[in-house]
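The values are calculated or read from the model by the stated rules, or taken from the named source; none is laboratory data. Note that this is a predicted model, so its numbers are computed, not measured. Every residue, glycine among them, receives a Cβ derived from its backbone with ideal geometry; neighbour counts consider all protein chains shown.
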Amino acid sequence: MNDATAAVPVPPPNPLQTVLRQYLRNGLATGSLILLAVIAAACVLAPLLTSGGPNQVDLGHSLAGPSAQHLLGTDQLGRDLLTRLLYGGRTTLLNAFVVSFVAVAVSVPLGVVAGYAGGWVDRVVMTVTDVGLSLPAMVVMLVVVSTFSGNLGLAMIALGFLLAPPIVRNVRGPALAVKGELFVDAAVVAGLPSRRIIFRHVLLRVLGPVLVQGALATAIALQFTVGLSFLGFGAKPPNPDWGSMIAEGSQVLNKSPWPLVSGGVALGLVSLALVLIGDGVRDVAVEAWSGAPTRRRRSRKPSPGVLAGRAQRPADAEPTPAEETLLTLHNVSVAYSASDGPRCVASDVSFSIAAGESVAIVGESGCGKSSIARAIARLLPHGGEIVAGSVRFDDYDVATLEGRPLYDYRRNAVSYIAQDPMTALDPTLRVGVLLRRIVQAGDGLSRKQAEARVLELLEQVQLPDPAGVAKRFPHELSGGMAQRIGIARAIATRPRLLIADEPTTALDVTVQSEILSLLRSLQKDLGMALLLVSHDWGVVAQVCDRALVMYAGELVEHGKLNRITHEPAHPYTSALLACRPATIVDDDLPLPTIRGSVSAPGEWPTGCRFASRCDFSTDQCRSAAVPLTEVDGEHSVRCLNPLRIGREHEEVSERV
Amino acid sequence: MIRLIVRRLLLAVPLLLIVSTLTFVLTAVAPGDPAATILGSSATPESIAALNAKLGLDDPIVVQYWHWLENAVTGDLGTSVVTSQSVGQAIGTRLPTTLSLVLLGTLVAAVVGIGLGMVSALGGRRLGRVTDILAVVGYVIPNFWLGLMLVYFLSVRLGWFPATGYVGLGDSPGGWLRSLVLPVIALAVMGATAVAKQTRDAMREVMGREFITALRADGFSERQIVFRHGLRNAAIPIVTVTGVLFIGMFGGTVLVESVFVLPGLGGLAVSSAQTGDLTMLQGVAVVFCLAVVAANLAVDLAYGWLNPKVRVQ
């Protein structure tokens, strides 16, 4: 190999053996392969396994049931059904394999060339394929067998062509995909002739889909050939094949079902084996060779017992319920089910929100802030659950709500604004229709009244031309318009708490500010409480009065926003504040970052979870869980060596 | 949208040309002489030549094809040389049977399949597994064999339904339905399981999307979300597979009509194939192609209705 080819990035090594091993681990697929091999071998070896041949007539044992002498019974002429089945299988199975061989041999080159060459070649091949897909295969087959009566081989070749179009499509896809991959470009640049590229890379990638489609095509071919010979276009009597055996069975159906059952079961078993082999290959080979996404992981429900121990621990800090308190979280833990058991993403979170108040949850991604927000709205994704603690909203015991009360709570108490406003809209509905349904669902308004209310809402969120916007579909909106509609939707039900999960992250900076001031003014005008989830102190400062800082699933600091931004007590809060772009005045210094990264849920240490990234950590920090302690009435922190309180940390606080 | 429909209709032209050309070419290369076959063993060379001239069979194949095409455009599909019957007429009398069978079969498969798929999508893993197994079983049981087993159990053993035969809808609606129950089941099982699997997969995918969460946040009940939003968004793949199975059922009628001795197009195709009546077969093939074109067009229109992005473009 010369230097140029040696420099080509090598695609992942051929995992043929790995794939085979994985396939064999699938019991059903392996069993199917064995079953198919046994049936095929038995048919091939029929003369050795049986005596007397398929056409030995014994009128004394006409239509006998299964017995030791005739394992499957006999047909009307007393011929042994098992013998006929095995001899017939030679014809039937051979025909099916010929058909699928022709189908694969025709379609693979066409599919590879279409996918790899692209352009007009692709268009011609795909048009031909479209036409082929629309041909009535059964009638075309009848035309062929009727014209060339007796020449079944020709008919099988024709059938192979008829079954080719779906395989062409399935080969073209991976060929098209592999063309765009880097290592193929690299091979072209390295000067490898394209013939070799096709051979080495493309064919390997399409092998999986071809095997899958080949197995399915064989199953379909089997049904076609059996169907044709059932209609009388098969083996010439008295020679057996499965279709003619089923036809003979149907003649004597009122006397004995055995001839019909034996033929059908043989056909069904082989088809079943082929389909399961195809499924098995799809599971291992298509993933390994073509890089298709893996199957969804199995999920288990978390057992509440696993985390129950946490709930029994004494509260870190009792939230003091004020008289106008709207929402209170008490030692709330949220977990998702994972393959190895429930995985906690937020633990022992306690705080409260008063009516009309505006509170932010701040933290890096992965710290559990969205999970807490979604838990409050009871909108955790599938597998997520409040596994410990309580959430009280007015009179609602939120964690236990189910059915009608849950729907009422979501409708009347809280509203939720999602991060991506576009994906939150049903793509098939005009936004006006969606809003009308929301308005109508609870208020019992007439259609006219509801439509008027929708326009009023759209005006409230300052959309120009409300009537025009109401007629649009989601894909006809800009991101900013979509988020305004998200807000209109949230206030449509007149909630007492509005939860906004990174409401401006997906938007342009210029639109961000407009959306935030809209949120702020609506919150004030309508007297709603607001819970804003954000990683951006700038966004928080524009809207909120109070902040909760979360780190690795824990609340590490909370208090008035003003206080926290000016006198952060937790080193993490301080570091987070230092990373604000607005605070950086000296362009020559490198951008401040927090070294390391948040440890993933499930890998949290026993002690302070920030210790490994903290400049001030001591052995004591790592030894035991750190409680949340009050700095003063309105400010709490989870730190053994809080800033400003124990010591001065000039270096950090200077910047903030 | 309009471009899509035009493309579909344009594809229909080569499709019909290919099918008819295929049968014509096969007639030309087929061994044997149709006139000799019709006249039997007593035929003289003169009488054969006379009949060939009368039927236009001594013209070059291209001329014959052109004549056929000219007539086909006006709806005249020719006359069978075997039965001397007008192909158009033969098809006309048999079309209602096949249409009843295919339309009822599609309806049953879609209703049962969507119901089963919804239940398994929303009912957890075990029900999903059941649908998987049913889909494989439905796929591997050939419709004609299933039909025969139904005849054995429900007609021969229990006598609930007639084993064979067809009653026209106009003659007796009850009898019509009774005569179609078994054939429709035989045809619909495979389609129903395919629809169920597709529905399950599509519903699972849709129910995991962000807008479903947003609808929950609005306070809609699960039932409202599933039926008004989930199913609507999952409908495109379901409609696709329903279209495919409708087309497949026309092919299925060839075997099922033979099993139940129904006077439909499938049975006509089989008997024509047995007697070597290519003119008749050609007519049936053209009608089947038209059904494919109609089904694809219906599916495209449904896409436009279901997916606003297609509609606007």
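A count restricted to segment B:198-225 and to residues that are free of Cβ contacts under 8 Å to residues at least 24 places away in the same chain and over 21 Å from A:Tyr409 (Cβ atoms) stands at 1. If I ask for residues that are out of contact with any Lys or Arg (no Cβ under 9 Å at 6 or more places or on another chain) and touching a residue at least 60 places away in the same chain (Cβ under 8 Å), which ones from segment A:392-445 would you list? Selection gives A:Arg392, A:Arg411, A:Ala418, A:Gln419, A:Asp420, A:Met422.
If you go through segment A:403-429 and pick out every residue that is surrounded by fewer than 19 Cβ atoms within 10 Å (Cβ to Cβ) and either more than 8 Å from chain B (Cβ to nearest Cβ) or small (Gly, Ala, Ser) (or both), you end up with 3.
Would you pick out the residues in segment B:217-270 that are of a type in the set (S, T, N, Q) and within 10 Å of chain A (Cβ to nearest Cβ)? B:Ser221, B:Gln224, B:Asn233, B:Thr253, B:Ser258 - these are the residues of segment B:217-270 that are of a type in the set (S, T, N, Q) and within 10 Å of chain A (Cβ to nearest Cβ).
Can you confirm whether A:Val121 is touching a residue at least 24 places away in the same chain (Cβ under 8 Å), part of a helix (DSSP H, G or I), in contact with a helix residue (DSSP H, G or I) (Cβ under 7 Å, 6 or more places away or on another chain) and not basic (Lys, Arg)? In short, no. Exactly one residue out of A:Val252, A:Val270 is β-branched (Val, Ile, Thr) and facing another protein chain (nearest Cβ under 9 Å): that is A:Val270. Taken over segment A:620-642, the residue count meeting the criterion of being of a type outside the set (A, V, I, L, M, F, W, C), under 43 Å from the mean Cα position of the chain (by Cα) and part of a strand (DSSP E or B) is 3.
Among the residues of segment A:379-426, the one identified as under 20 Å from the mean Cα position of the chain (by Cα) and at positive phi is A:Gly383. For segment B:184-198, a residue qualifies if it is farther than 13 Å from B:Asn143 by Cβ and either within 13 Å of another protein chain (Cβ to nearest Cβ) or more than 21 Å from the chain's Cα centre (by Cα) (or both), and exactly one does: B:Lys197.
Mind checking which strands (runs of 3 or more DSSP E) fall wholly inside segment A:519-575 and carry at least 1 residues that are over 22 Å from A:Ser415 (Cβ atoms)? Ranges flagged: A:546-551, A:554-560. Residues that are among the β-branched types (Val, Ile, Thr) and within 11 Å of another protein chain (Cβ to nearest Cβ) within segment A:432-471 comprise A:Val433, A:Ile438, A:Val439, listed in sequence order.
Let's see how each residue does on (1) closer than 25 Å to A:Gly119 by Cα; (2) part of a helix (DSSP H, G or I); (3) in contact (Cβ under 8 Å) with a residue 60 or more places away in the chain; (4) within 13 Å of chain B (Cβ to nearest Cβ):
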position: A:Gly132; (1), (2), (3), (4): yes, yes, no, yes
position: A:Ala155; (1), (2), (3), (4): no, yes, yes, yes
position: A:Ala158; (1), (2), (3), (4): no, yes, no, yes
position: A:Asn170; (1), (2), (3), (4): yes, yes, no, no
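Checking A:Leu455, A:Leu380 one by one, the residue that is touching a helix residue (DSSP H, G or I) at 6+ places or on another chain (Cβ under 8 Å), assigned to a helix (DSSP H, G or I), among the aliphatic types (A, V, I, L, M) and without any contact (Cβ under 8 Å) to a residue 60 or more places away in the chain is A:Leu455 and no other. Just one of the listed residues (A:Thr510, A:Thr504) is free of Cβ contacts under 8 Å to residues at least 40 places away in the same chain, more than 22 Å from A:Val626 (Cβ to Cβ) and either assigned to a loop (DSSP other than H, G, I, E, B) or among the aromatic types (Phe, Trp, Tyr) (or both), and it is A:Thr504.
Note on segment B:40-91: residues that are loosely packed, with under 13 Cβ neighbours inside 10 Å and among the aliphatic types (A, V, I, L, M) total 4. When B:Val140, B:Val195 are screened for being in contact (Cβ under 8 Å) with a residue 60 or more places away in the chain, in contact with a helix residue (DSSP H, G or I) (Cβ under 6 Å, 6 or more places away or on another chain) and surrounded by 18 or more Cβ atoms within 10 Å (Cβ to Cβ), only B:Val195 passes.
Taking into account only those residues within segment A:136-151 that are in contact with a helix residue (DSSP H, G or I) (Cβ under 7 Å, 6 or more places away or on another chain) and at pLDDT below 80, which is farthest from the other protein chains (Cβ to nearest Cβ)? If we take residues in segment A:136-151 being in contact with a helix residue (DSSP H, G or I) (Cβ under 7 Å, 6 or more places away or on another chain) and at pLDDT below 80, then A:Phe148 is farthest from the other protein chains (Cβ to nearest Cβ). Condition check for B:Ser155 on (1) under 17 Å from the mean Cα position of the chain (by Cα); (2) more than 24 Å from A:Leu274 (Cβ to Cβ): one failure, at (1).
Taking the listed residues A:Gln223, A:Gln213, the one that is at the interface with chain B (Cβ under 8 Å from one of its Cβ atoms), modelled with pLDDT of 85 or more and more than 18 Å from A:Leu77 (Cβ to Cβ) is A:Gln223, with no other qualifying.
When segment A:226-249 is limited to residues that are of a type in the set (A, V, I, L, M) and facing chain B (nearest Cβ under 10 Å), the one that is surrounded by the fewest Cβ atoms within 10 Å (Cβ to Cβ) turns out to be A:Ala247.
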